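Below: the structure, in structure tokens.
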Amino acid sequence: FPVTINPSHALEIISGAETDAGVSVSEKTALNFSAVYCATRAIAESIAYLPLQIYKKTDKGKEQLNDNQLYYKLHDQPNNFQTAFTFRETMSVRQCLKGNAYAYIVRDKKGQPVEMIPIPLESNVSTSYDPKKSTIYYKIDDQKQWIEQANILHIPALSTDGIEGKSHVEIAKE
């Protein structure tokens with residue numbers, strides 16, 4: 001049967017304003033709202049299903065890389081506890097809800113990627129741009145150490161500064 005939603009009530013639920021039940025909604029709890037859940041799921045699953053290729057720039061244009069360690073991590077097994085599909089789906093959900101998806105790239109002694117570990121949705125990630133080195137640095141929660149851009153996979157949503165994505169939930173709040 002069709003369900004009718006009062007648009008002003010839907011905006012209250014998404015915006016984090018207290019609902020009739022006395023509940024405040026964040027990015028994580030917004031998934032309990034069926035429209036947010038369905039839209040996020042459709043986007044995340046669609047992205048996770050897309051074929052993934054890595055290319056290298058050459059003098060003649062571009063060359064596809066299939067025997068690269070990074071390709072294997074993104075295409076087959078990013079870490080010991082997720083499939084590539086689950087990893088890409090999880091990253092897409094985080095991008096949709098929070099505006100940014102982050103994963104820490106664990107490297108071996110030779111600098112090759114060994115794992116990509118998603119940074120939890122609840123984490124606060126700060127960025128700092130160093131114009132002298134033309135590099136972005138990331139700080140997770142209140143850690144003292146800044147992590148260099150090469151060791152973080154960052155997938156931003158729509159952005160106004162080209163670095164930090166905007167959260168769909170936060171935009172709806174405004």
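The values are calculated or read from the model by the stated rules, or taken from the named source; none is laboratory data. Model, not experiment: these values are computed from the prediction. Note: ideal-geometry Cβ built from the backbone for every residue, glycine included; neighbour counts use all protein chains shown. Ligands, DNA and RNA are excluded from the accessible area calculation, which covers all protein heavy atoms including side chains. Shrake-Rupley method; radii C 1.70, N 1.55, O 1.52, S 1.80 Å.
Among all residue pairs at least 6 apart or on different chains, which show Cβ distances below 7 Å where the first residue, located in the stretch 149-174, is closer than 17 Å to residue 122 by Cβ and the second is at pLDDT below 85 and in a loop (DSSP other than H, G, I, E, B)?
As it stands, the answer is 167/27; 169/27, since those pairs meet every condition given.
Exactly one condition in (1) assigned to a helix (DSSP H, G or I); (2) open to solvent by 80 Å² or more (accessible area, probe 1.4 Å) is false for residue 110; which is it?
Of everything listed in (1) assigned to a helix (DSSP H, G or I); (2) open to solvent by 80 Å² or more (accessible area, probe 1.4 Å), residue 110 misses just condition (1).
Out of the residues in the stretch 134-150 that are part of a loop (DSSP other than H, G, I, E, B) and in contact with a strand residue (DSSP E or B) (Cβ under 9 Å, 6 or more places away or on another chain), which is least open to solvent (accessible area, probe 1.4 Å)?
Filtering the stretch 134-150 for residues that are part of a loop (DSSP other than H, G, I, E, B) and in contact with a strand residue (DSSP E or B) (Cβ under 9 Å, 6 or more places away or on another chain), the one least open to solvent (accessible area, probe 1.4 Å) comes out as 141.
Which condition does residue 130 not pass, out of (1) touching a Leu at 6+ places or on another chain (Cβ under 9 Å); (2) modelled with pLDDT of 90 or more, if it passes all the others?
That leaves (1) as the condition not met.
Of (1) touching a residue at least 24 places away in the same chain (Cβ under 8 Å); (2) out of contact with any helix residue (DSSP H, G or I) (no Cβ under 8 Å at 6 or more places or on another chain), residue 102 satisfies all except one. Which?
If we test residue 102 against (1) touching a residue at least 24 places away in the same chain (Cβ under 8 Å); (2) out of contact with any helix residue (DSSP H, G or I) (no Cβ under 8 Å at 6 or more places or on another chain), just (2) comes out false.
Please specify each residue of the stretch 156-166 satisfying the condition of being in a strand (DSSP E or B) and either on the phi > 0 side of the Ramachandran plot or among the aromatic types (Phe, Trp, Tyr) (or both).
none
Looking at (1) surrounded by 12 or more Cβ atoms within 10 Å (Cβ to Cβ); (2) outside any strand (DSSP E or B); (3) touching a residue at least 60 places away in the same chain (Cβ under 8 Å); (4) within 15 Å of the chain's Cα centre (by Cα), which is the one condition that is false for residue 122?
The single condition residue 122 does not satisfy is (1).
(1) open to solvent by 80 Å² or more (accessible area, probe 1.4 Å); (2) in a helix (DSSP H, G or I); (3) at pLDDT below 80; (4) not basic (Lys, Arg): which one isn't true of residue 14, the others all being true?
Of everything listed in (1) open to solvent by 80 Å² or more (accessible area, probe 1.4 Å); (2) in a helix (DSSP H, G or I); (3) at pLDDT below 80; (4) not basic (Lys, Arg), residue 14 misses just condition (1).
Against the definition (buried (at least 17 other Cβ atoms within 10 Å of the Cβ) and either out of contact with any helix residue (DSSP H, G or I) (no Cβ under 7 Å at 6 or more places or on another chain) or at positive phi (or both)), how does residue 153 come out, yes or no?
Yes: the conditions hold for residue 153.
Would you tally the residues in the stretch 48-90 being assigned to a helix (DSSP H, G or I) and without any contact (Cβ under 8 Å) to a residue 12 or more places away in the chain?
1
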